[in-house]
Amino acid sequence: MKRVILAVASDKHGGHRLGLLNPETELEYEDKRGDVVKYNPDLIPFQEYLWELHENHIKETKKLAGRDEIIVFDNGDPTAGNKHPHEQVSTRISDQFDIAAWNMYPWLDIKNVKTVRITKGTGAHNFGEGAAEIAIQRMLQNKYPKKDIRTIYHGLAKVAGVTIDYSHHGPSTGSRNWLKGNEARYYLKSLIQDEIDLGNTPPHLVIRGHYHSYVEEYVIKMFQGKRYKVQLNVLPSYCGIDDYARQATKSKYILQHGMVCY
């Protein structure tokens, strides 16, 4: 069986002043003569930290993979959206698509990367109905026509014999320190039982995002003499915490940033 590295990231919120921003991103404006001027948006110190982290994670992924294939999952909310229109890099909606695409270019430039899946995320962040993810897919396909790039709400993929259930929305990461992972575990137990009740084989791996915090849980289920072991990961983000997030998280002050490679 061939060796494949699956690289998965989520919640980059491109276009937000606290979201991921490739310093090489090219945006444009019209000057007073009506000429189009291209420029690179300035990064604030927090974005410089995020991009340095992101670059290091790409480097480590390439090192891990060697010559083996890398499959990339972008698991939702690549843009900030317009439901909470504050602290944005610019007021132009299309700039968010450009920023998100530029955040993906370093992955697509890797020779080993031939397949990319983009998960449709939250309507508040993608302008509804997966609009941002669809636009980003088309931009990437135009630039990398030989690569397999598709967008999906909820996927069931098989990678090197491993079945992966992936989607943006899933369980929360817990309301208390000592409860972290409990809800994810119950979510996973229910998912496994649903699959068995339907006569299906449960997936080996379940991936979710949205909560900007990392959780890793495992459930082992014995059924009719068979042993099923399933892993669930809720992914961290590449985004900071703004006014709305402070309210929604009840003033959470510990942030986790990064991605997961399998």
Problem set entry | Conditions (1) surrounded by fewer than 13 Cβ atoms within 10 Å (Cβ to Cβ); (2) more than 29 Å from residue 83 (Cα to Cα): number failed by residue 150 | (2)
For this session: Might you check whether a residue that is assigned to a loop (DSSP other than H, G, I, E, B), open to solvent by 20 Å² or more (accessible area, probe 1.4 Å), under 18 Å from residue 150 (Cβ atoms) and modelled with pLDDT of 90 or more occurs anywhere in segment 102-124?
Result: yes
Seminar exercise, completed: Scanning segment 243-259 for residues that are more than 20 Å from the chain's Cα centre (by Cα), more than 15 Å from residue 210 (Cβ to Cβ) and assigned to a loop (DSSP other than H, G, I, E, B) gives 250, 251, 253
Exercise. Does segment 182-189 contain at least one residue that is touching a helix residue (DSSP H, G or I) at 6+ places or on another chain (Cβ under 6 Å) and at pLDDT 95 or above?
Worked result: no
Seminar exercise, completed: Taking segment 209-228 and the residues there that are part of a loop (DSSP other than H, G, I, E, B) and open to solvent by less than 60 Å² (accessible area, probe 1.4 Å), the one that is farthest from residue 242 (Cα to Cα) would be 209
Problem set entry | All positions within segment 157-199 that are in a helix (DSSP H, G or I), surrounded by 14 or more Cβ atoms within 10 Å (Cβ to Cβ) and not hydroxyl-bearing (Ser, Thr, Tyr) | 182, 183, 184, 185, 188, 189, 191, 192, 193, 195, 196
Seminar exercise, completed: residue 232 passes all but one of the listed conditions (1) crowded, with 17+ Cβ neighbours inside 10 Å; (2) touching a residue at least 40 places away in the same chain (Cβ under 8 Å); (3) part of a helix (DSSP H, G or I); the exception is number (3)
Exercise. Regarding residue 213, is this residue of a type in the set (Gly, Ala, Ser) and at pLDDT 90 or above?
Worked result: yes
Problem set entry | Hits in segment 47-71 - residues which are buried (at least 20 other Cβ atoms within 10 Å of the Cβ) and in contact with a helix residue (DSSP H, G or I) (Cβ under 9 Å, 6 or more places away or on another chain) | 54, 61, 70
Exercise. In this structure, does residue 5 turn out to be in contact with a strand residue (DSSP E or B) (Cβ under 7 Å, 6 or more places away or on another chain), within 21 Å of residue 112 (Cβ to Cβ) and either in a strand (DSSP E or B) or open to solvent by less than 70 Å² (accessible area, probe 1.4 Å) (or both)?
Worked result: yes
Exercise. Got a sec? Which strands (runs of 3 or more DSSP E) wholly within segment 9-97 have at least 3 residues that are basic (Lys, Arg) and either at pLDDT 95 or above or over 18 Å from the mean Cα position of the chain (by Cα) (or both)?
Worked result: none
For this session: Among the residues of segment 79-96, write down those that are open to solvent by 30 Å² or more (accessible area, probe 1.4 Å) and in contact with a helix residue (DSSP H, G or I) (Cβ under 6 Å, 6 or more places away or on another chain).
Result: 83, 84
Problem set entry | Flag for residue 196 being of a type in the set (A, V, I, L, M, F, W, C) and over 24 Å from the mean Cα position of the chain (by Cα) | yes
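Yes or no, residue by residue, for (1) surrounded by 12 or more Cβ atoms within 10 Å (Cβ to Cβ); (2) touching a residue at least 40 places away in the same chain (Cβ under 8 Å); (3) touching a Ser or Thr at 6+ places or on another chain (Cβ under 8 Å):
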position	(1), (2), (3)
10	yes, yes, yes
14	yes, yes, yes
23	yes, no, no
28	yes, no, no
37	no, no, no
73	yes, yes, yes
77	yes, yes, yes
98	yes, yes, yes
Exercise. If you check residue 247 against the conditions, is it surrounded by fewer than 13 Cβ atoms within 10 Å (Cβ to Cβ) and over 20 Å from residue 44 (Cβ atoms)?
Worked result: yes
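The values are calculated or read from the model by the stated rules, or taken from the named source; none is laboratory data. Note that the coordinates shown come from a computational prediction; the quantities given were computed from them, not determined experimentally. Positions of Cβ are generated from backbone atoms using ideal geometry, with glycine treated the same way; all protein chains shown enter the neighbour counts. Only protein heavy atoms, including side chains, enter the accessible area calculation; ligands, DNA and RNA are left aside. Shrake-Rupley method; radii C 1.70, N 1.55, O 1.52, S 1.80 Å.
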